[in-house]
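The values are calculated or read from the model by the stated rules, or taken from the named source; none is laboratory data. What you are looking at is a predicted structure, and each value in this text was computed from that prediction instead of being measured. Neighbour counts are summed over all protein chains in view; Cβ atoms, including those assigned to glycine, are modelled from backbone coordinates with ideal geometry. Only protein heavy atoms, including side chains, enter the accessible area calculation; ligands, DNA and RNA are left aside. Shrake-Rupley method; radii C 1.70, N 1.55, O 1.52, S 1.80 Å.
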Amino acid sequence: MTPRIGVTTTTLANTGSYHTATGANGSYLGWLERAGALPVLIPNLAPELAGGYLDLLDGLLLTGGLDVHPLLFGAEPDKNLGEVDVPRDRFELPLVRQALERELPIFGICRGIQALNVAAGGTLRQDLVSDPVARLQHWQKPVGGPMVHHSVSVEPDSRLAGVVGQEKVAVNSYHHQAVDRVGEGLRAVGFALDGTIEAVEGTGEAFVLGVQWHPEVMGPEDAVSTALFDAFVAACGVGRRET
Ligand code: MN
């Protein structure tokens with residue numbers, strides 16, 4: 001059966017109007033489609049609707065997007081905090097918490113690893129560009145095409161290592177924030193050379209994985225990206241409801 005995978009979205013402001021729109025980069029949808037899943041866009045509505053959406057789904061893809069508001073992880077906004085998406089924060093964090101409780105497979109990408117970590121009670125570093133500890137360039141200028149920027153060391157005994165089959169992977173890097181304190185039920189399993197956390201995964205049985213890079217930007221010839229999406233969709237297929 002085709003796994004139905006929820007895809008979280010960005011709240012888009014329509015210039016010159018009071019209307020908003022719901023958006024997700026088509027590359028996420030293309031990867032899920034290629035891996036045999038049915039992508040379902042999840043709009044940022046009232047948090048009370050989160051459970052109803054999860055009832056429909058076999059897995060949840062947390063996509064990239066704007067910064068998570070620091071008040072949601074107990075911090076004040078740094079002067080270099082980027083734009084935030086309040087409707088998304090308000091909806092996505094309860095959605096992720098409930099998905100974790102239900103042991104639904106979750107794959108978080110960029111903001112997605114950050115949303116996953118905050119939903120699990122963790123915290124974020126708000127701006128790597130001005131952070132002296134982050135010595136690597138994690139924020140590319142200008143944003144390029146499908147290319148890699150730095151390496152990530154993968155914990156050998158992790159689920160991630162099993163998926164990618166390597167203890168060192170080359171990844172792209174388009175983020176100015178990163179996981180700081182790791183949330184409950186998660187562990188850090190991927191690190192850049194400067195110590196920046198680039199991947200976390202769940203410590204339980206469920207497939208829960210977050211990566212700080214953007215596998216969806218890469219083409220299908222990229223073995224790491226293919227392995228990640230294939231493993232996630234396969235995990236969603238295992239729990240597929242027969243309804
Ligand atoms: Mn990076």
When you count, for each residue, the other Cβ atoms within 10 Å and take the mean per peptide, how do 148-160, 113-125, 202-214 rank with the highest first?
-> 113-125, 202-214, 148-160
Using r as the Cβ-Cβ distance of SER17 and ASP157, and R0 as 35 Å, what FRET efficiency do you calculate, to the nearest 0.05?
-> 0.10
So which helices of the chain fit the span-like rule, where a helix is a whole DSSP H run, its Cα atoms reach 15 Å or more along the axis, and its mean Kyte-Doolittle is at least -1.0?
-> 86-101, 223-238
Mean residue ellipticity (222 nm) of the chain, computed from DSSP H runs ≥ 4 via -39,500 (n - 2.57), nearest 500 = -7500 deg cm²/dmol
Hull volume per residue for region 129-233, using the convex hull of the C-alpha atoms, in Å³ is 93
Over 22 Å, how big is the tail of the calculated P(r) for region 4-238, in percent of all Cα pairs?
-> 48
Measure off, as a whole percent, the carbon and sulfur share of the 1.4 Å-probe accessible area of region 101-193, all protein chains present.
-> 51
Simple spin-label estimate for GLU76/ALA46, 7 Å along Cα→Cβ, in nm, reads 3.5
Under the 7 Å Cα-to-Cβ spin-label approximation, VAL129 and GLU184 lie apart by a distance in nanometres of 3.5
In debye to the nearest 20, the charge dipole size for region 4-238, taken about the Cα centre with +1 at each Lys and Arg Cβ and -1 at each Asp and Glu Cβ, equals 260
Can you work out the accessible area per residue across region 4-238, with the rest of the protein chains kept in place, probe 1.4 Å, in square angstrom?
-> 43
